[in-house]
Amino acid sequence: MHNNLIILAGGASSRMKKQASLENLSNKEIQQANERSKGLIGVGPNGRPLLDYLLLNAKKAGYKNIYIIIGEQGELFKEFYGRKNENNDFHGLNISFAVQYVPENRIKPFGTADALFQAVEQYPELNTQFYSVCNSDNLYSTRALLALRETSSPNAFISYDRDAMEFTSERISRFAIAKLGTDNQLLDILEKPLADSIEDYKDSQGKLRVSMNAFKFNGALLYPYLKNCPAHPERDEKELPTALLNSIKDHPNMTVGIPFSEHVPDLTAKEDILEVKEYLKKYYPEINWNVN
């Protein structure tokens, strides 16, 4: 089992910063939503950020080394998790920071594949190891994170049952669908699924499976595909699923979808803040870092 978890936190958070007419948010919450990276918004019962709860679950799952990819203006992360660039001790976790720099010809980051590429360039030892990758604005369960550590597959992702997601049907309909083959091997990802085309994407259990960006990778295998990842033709970003699918073309049957049926709290827009707060109040009334 590997001990490395890379957390993507360098995005522009553009959807969170959009105007929203929400009378039930405090001025402080609105200000944080407009100014902070999503994972640092104080949604916990104690005012601590969502990222605390992800780190807690990562620690429970047995991860030791955490690499947080931050933006060029991401100094606030260091106020929460350690002032040094590398090897900060946070409740027994070893936390290091990688910076996703924005190319000179762009005004915002170049996507998730670019973020991961810059991180492994800054920490090249990861290119000889296995590591997990996840978002900073999703709260993955300890069980899901542990499944990524335990799988023997070189590459893997948590393959969520779409029907178990507690989001609106309109929001769920926008999720990309993963097509799995024999032994749950990843074959394809359908980005904008239409109702008349998704039947072919059901798995052996008759379930539609979606990815919430929780992955395990063989660093050496993925590296060239990160380095040479093309930009998406519409969004003009280098995206991690693109790099993964390109690697599958050359290395089939090396990426398994691990089936899971559970909700994943998501902090994408201001409308999500109250839902996440209620979830944390119910399931995490307090944080206990004293775990093995």
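Its relative contact order, with pairs defined as Cα atoms under 8 Å and 6+ residues apart, puts the chain at 25 percent. In the structure shown, the pairs Lys38/Lys277; Lys78/Lys108; Lys207/Lys277 are assessed against 23 Å; a Cα-Cα span above that value is assigned to Lys207/Lys277. Here the simple spin-label model places points 7 Å from the Cα toward Cβ, and for Leu194 and Lys78 these points are separated by 5.0 nm.
Only one item in (1) 0.94; (2) 1.18; (3) 0.98 matches Rg/Rh (Cα atoms, Kirkwood Rh) derived from the coordinates shown, and that item is (1). In this simple spin-label approximation, Asn24 and Ala231 carry label points 7 Å from Cα along the Cα→Cβ vector, and these lie 4.0 nm apart.
Peptides 225-236, 189-200 ordered by packing proxy, namely the average of other Cβ atoms within 10 Å per residue, highest first: 225-236, 189-200. The value of relative contact order for the stretch 186-281, using C-alpha pairs under 8 Å at least six residues apart, is 24 percent. For the peptides 95-102, 72-79, 48-55, residues were scored by their other Cβ atoms within 10 Å and the scores averaged per peptide; the highest-first order is 48-55, 95-102, 72-79. Packing here is the average count of other Cβ atoms within 10 Å per residue, and on that basis the peptides 129-140, 275-286, 158-169, 105-116, highest first, run 129-140, 105-116, 158-169, 275-286. Here the Karplus relation 6.51 cos²θ - 1.76 cosθ + 1.60, evaluated at θ = phi - 60°, turns the backbone of the stretch 212-217 into coupling constants of 10, 6, 10, 10, 10, 10 Hz, with x for every Gly and Pro. Rounded to whole Å, give me the distance from the Cα center of the stretch 228-282 to that of the stretch 76-141. Here the two parts' Cα centres lie 16 Å apart.
In order along the stretch 99-110, the phi-based Karplus estimate (6.51 cos²θ - 1.76 cosθ + 1.60, θ = phi - 60°) of 3J(HN,Hα) comes to 10, 8, 7, 8, x, 4, 8, 10, 10, 9, x, 9 Hz; Gly and Pro are listed as x. Take every DSSP beta bridge whose two residues both sit in the chain; close to 50 percent of them are antiparallel.
Taken together, the values in this text are just the output of simple stated rules run on the coordinates, not laboratory data. Please read these numbers as outputs of a predicted model, since none were measured by experiment. For neighbour counting, all protein chains shown are included, and Cβ atoms are generated from backbone atoms with ideal geometry for every residue, glycine included.
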